[in-house]
1. May I ask you to verify whether residue 71 is without any contact (Cβ under 8 Å) to a residue 60 or more places away in the chain and out of contact with any helix residue (DSSP H, G or I) (no Cβ under 7 Å at 6 or more places or on another chain)?
2. Could you list all residues from segment 201-231 that are surrounded by fewer than 18 Cβ atoms within 10 Å (Cβ to Cβ) and either at pLDDT 85 or above or under 22 Å from residue 58 (Cβ atoms) (or both)?
3. Enumerate the pairs (first residue in segment 180-205 and touching a residue at least 24 places away in the same chain (Cβ under 8 Å) and not assigned by TED's automatic domain parsing to the domain that holds residue 35; second residue anywhere and assigned to a helix (DSSP H, G or I) and surrounded by fewer than 22 Cβ atoms within 10 Å (Cβ to Cβ)) with beta-carbon separation below 7 Å, excluding pairs fewer than 6 apart on the same chain, so at least 6 apart or on different chains.
4. Name the residue that is surrounded by the most Cβ atoms within 10 Å (Cβ to Cβ), counting only residues in segment 126-141 that are modelled with pLDDT under 90 and over 17 Å from residue 194 (Cα atoms).
5. Please verify whether segment 224-236 includes one or more residues that are part of a helix (DSSP H, G or I), touching a strand residue (DSSP E or B) at 6+ places or on another chain (Cβ under 8 Å) and not assigned by TED's automatic domain parsing to the domain that holds residue 123.
6. Kindly state which strands (runs of 3 or more DSSP E) lie completely within segment 1-104 and contain at least 1 residues that are farther than 30 Å from residue 115 by Cβ.
7. Would you mind finding the one in 212, 157 that is within 20 Å of residue 48 (Cα to Cα), touching a residue at least 60 places away in the same chain (Cβ under 8 Å) and out of contact with any helix residue (DSSP H, G or I) (no Cβ under 9 Å at 6 or more places or on another chain)?
8. Condition (residue is part of a loop (DSSP other than H, G, I, E, B), assigned by TED's automatic domain parsing to the domain that holds residue 44, under 30 Å from residue 28 (Cβ atoms) and at pLDDT 90 or above) applied to segment 155-170: is it met by at least one residue?
């Protein structure tokens, strides 16, 4: 099946006064992907999501969502996108059913009762559908928020830290829901700072201080980085860093002739957190060098 581009971003800048929240970011997000925006608080993830839904305008650059400019085609974008903010925006005195019903009316959905039933069942809240939301845990409120974002059957789902503060079992259930949605052609963009969660994504954009550091699959990000091997030959230990060890390791071992004195081999692979921290450190080291060079120009 030929992939189509759901989001196209070219040299996007967003400034808030003197603060540069995004700096010349360029991305393409394909339809039906789970695309992760990974970075610490202040990296620019939420700013990018707000640009995608049209709640703020870029300072410069070009951005389209399903071919629409979010700031000019708000009515079309509203039908296409479901948005789940980091903090649930719910009426806590109302029940999940009443909250979701409100969003149905905002989207002018027909056959509201059936749609509400379906989405409540999808997020596993049928037994609590008539309880007021203020009685719910944080995780349950997240479920209601997700249901509200899904009720109009959007083609794209924007999730800002969707599993922040929820337990591992519920986090697993959320990701099962996300996979089910993408299997039906929904594009999901997830903002997160959790490394283990980022590994569920089909593709990752790593942001730091508004700069795009990488855009690749989680596996490729790990394979293109370092693995450390330790080889014991008697009492002597040799350590070496390899890039893409599945291809480099055989050649490395050939230098030992694979003889009987090679008694043990260990491989320490980079985690995604290690990869991201290295990228950040390299970027910051580059900034320091530029500042130092400017000082002496």
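1. yes
2. Within segment 201-231, 202, 214, 215, 216, 217 meet the criteria.
3. none
4. Among those that are modelled with pLDDT under 90 and over 17 Å from residue 194 (Cα atoms), it is 140.
5. Checked against the condition, which is being part of a helix (DSSP H, G or I), touching a strand residue (DSSP E or B) at 6+ places or on another chain (Cβ under 8 Å) and not assigned by TED's automatic domain parsing to the domain that holds residue 123, segment 224-236 yields no hits at all.
6. Fully inside segment 1-104 and qualifying: 5-16, 19-30, 34-38, 60-65.
7. Selected residue: 212, the only one of 212, 157 that is within 20 Å of residue 48 (Cα to Cα), touching a residue at least 60 places away in the same chain (Cβ under 8 Å) and out of contact with any helix residue (DSSP H, G or I) (no Cβ under 9 Å at 6 or more places or on another chain).
8. yes
The values are calculated or read from the model by the stated rules, or taken from the named source; none is laboratory data. The structure displayed is predicted, hence computed values, not measured ones. Please note: Cβ atoms are built from the backbone with ideal geometry, for glycine as well, and neighbour counts cover all protein chains shown.
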